[in-house]
1. Cross-link partners among lysines for Lys10, C-alpha distance below 23 Å, same-chain residues fewer than 8 apart left out?
2. What is the spin-label model distance, in nm, from Ala3 to Ile44 if the labels are put 7 Å beyond Cα along the C-beta direction?
3. Which residue fluctuates most in the GNM of the chain (Cα springs below 10 Å): Asn64, Asn42, Asn50?
4. Report, in cubic angstrom per residue, the convex hull volume of the C-alpha atoms of the chain.
5. Please sort through the DSSP H helices of the chain and keep those with an alpha-carbon extent of at least 15 Å along the long axis and a Kyte-Doolittle average not below -1.0.
Amino acid sequence: MTAIENKNEKQIIHLLHSKQAVGKQIHQTLLTFKHNYTGILNGISSSYSNGCLEGVNRKIKQMNEQPMAIVVLATY
C-alpha cells in the first residue's frame, strides 16, 4: 500500500511481478492489475482523480436501490 500512496512506480512494478504466495483474492486482484498494466501506471503517475465521479455514481446506485415510496405517494 505504501507503494501506491507514495506513487512509487518501481515498487509497484516489483509487486506486480512478484512470485510471493498470496491469497486467492489478492492473486485475482494482481492478475487484474497486470491485465490493465498501462492504465494502472498512468493512473499512479497522474495527478487527476475520479473520486468525485465515483461518489456521484455511488449516490445514484443508492437512490436506485431505495424503495420508490415517494413516487407512489406523489401520484395520489
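Please treat every number below as a calculation from the coordinates, not as lab data. All of these numbers come straight from a predicted model, not from anything done at the bench. Cβ sites come from the backbone with ideal geometry, for glycine too, and all protein chains shown count toward neighbours.
1. Here the lysines satisfying the reach criterion relative to Lys10 are Lys19, Lys34.
2. 0.6
3. Asn64
4. Numbers: hull volume 10.6 nm³, N = 76.
Considering the Cα atoms of the chain, their hull volume per residue is 139 Å³.
5. Numbers: long enough: 24-35 (16 Å, -0.64); 51-65 (21 Å, -0.91).
Counting only whole DSSP H runs, the qualifying helices are 24-35, 51-65.
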